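What follows is a single structure, written as structure tokens, with notes after it.
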Amino acid sequence: MGERPYVLLSCAMSVDGYIDDGTPHRLLLSNDEDFDRVDAVRATCDAILVGAGTVRRDDPRLLVRSPERGRERAARGLPPSPAKVTLTATGDLDPNAAFFTAGDAEKIVYAAPAAVAKLAGRLGGAAEVVDAGAPGEGGDGGGTVDLGRVLSDLHGRGVRRLMVEGGTSVHTRFLREDLVDELHLVVAPFFVGDPAAPRFVLDGDFPRDRRRRMDLAEVRKMGDVTLLRYRLA
């Protein structure tokens with residue numbers, strides 16, 4: 001892999017490590033103060049990345065919400081919100097999702113080879129579809145999308161600071177492949193305890209284990225949630 005952006009991974013979870021529950025309704029794990037903090041971080045980034053599963057499940061807009069921050073970006077010659085990026089191995093994406101319809105930011109879909117042609121036809125001009133395939137297991141965010149190719153391509157497009165916002169498989173891959181420079185982990189003061197619910201990461205081998213610990217750079221209390229900011233670079 002060549003040069004890549006600085007990667008900031010952001011996640012909110014319950015005390016027992018869940019990022020949602022098993023109901024059809026999105027579980028709020030944060031509060032207004034933290035939402036504003038996340039918005040401020042988004043405004044410093046060149047692109048925001050989520051997996052296709054997150055696009056389907058949460059239908060996120062991925063926009064900078066503060067008009068003032070949008071104007072500050074525009075004054076620097078930037079679009080009001082960062083580019084939107086997603087990963088898919090299957091191509092199962094709805095062109096009517098907010099990822100594609102909300103805002104005027106650039107939209108890029110990195111797909112496995114088998115999904116590229118079909119997905120490009122389905123999305124039309126809603127996003128640019130890029131072949132980022134690699135051999136491996138299937139599944140959105142899985143081995144058939146090469147993160148090294150994704151990050152090199154983003155760097156070539158001028159993305160110097162990338163914010164990764166989920167979901168579980170994407171978190172897991174970025175952390176397992178040691179591609180995260182900074183981790184923002186917000187902990188909500190309750191348990192979910194639902195084995196059907198998605199967790200922060202899947203099980204597996206992570207380079208940042210007990211022998212190679214992360215550097216805790218900041219602890220911040222925001223109402224009843226706590227931000228843990230780690231440096232991994």
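The values are calculated or read from the model by the stated rules, or taken from the named source; none is laboratory data. In this text, all values refer to a predicted model and were calculated from it rather than measured experimentally. Positions of Cβ are backbone-derived with ideal geometry, glycine not excepted, and every protein chain shown enters the neighbour counts. Protein only, heavy atoms only, side chains kept; ligands, DNA and RNA dropped before computing areas. Shrake-Rupley method; radii C 1.70, N 1.55, O 1.52, S 1.80 Å.
Quick notes on this one:
- FRET E, pair Asp215, Val15, Förster distance 25 Å, beta-carbon r, rounded to 0.05: 0.65
- Other residues within the sphere of radius under 13 Å centred on the Cβ of Arg42, judged by their own Cβ, net out at +1 (K and R +1, D and E -1).
- Neighbourhood net charge (12 Å Cβ-Cβ; Lys/Arg +1, Asp/Glu -1) for Val192: -3
- Taking a straight line from the alpha carbon of Lys107, these lysines sit under 20 Å away, with near neighbours fewer than eight places off in the same chain left out: Lys84, Lys118.
- Spin-label proximity, Phe190 to the stretch 41-85 - amide N less than 15 Å from point 7 Å beyond Cα toward beta carbon: none
- Beta bridges from DSSP with both residues in the chain: antiparallel share about 35 percent, rounded to the nearest 5.
- Taking a ≥ b ≥ c as the square roots of the eigenvalues of the Cα gyration tensor, the stretch 11-128 is classed as oblate, since a/c reaches at least 1.5 and a/b does not exceed b/c.
- Radius ratio Rg over Rh of the stretch 72-134, counting only Cα atoms, Kirkwood formula for Rh: 1.04
- The stretch 54-97 shape via C-alpha gyration tensor axes, a/c threshold 1.5: prolate
- Rg/Rh (Cα only; Kirkwood hydrodynamic radius) as it applies to the chain: 0.94
- Dividing the radius of gyration of the alpha carbons in the stretch 144-184 by their Kirkwood radius gives 0.94 for Rg/Rh.
- Heavy-atom SASA rank of Val55, Val15 (probe 1.4 Å, accessible area, largest first): Val15, Val55
- Projecting the alpha carbon convex hull of the stretch 94-184 along each direction and taking the average yields 6.4 nm².
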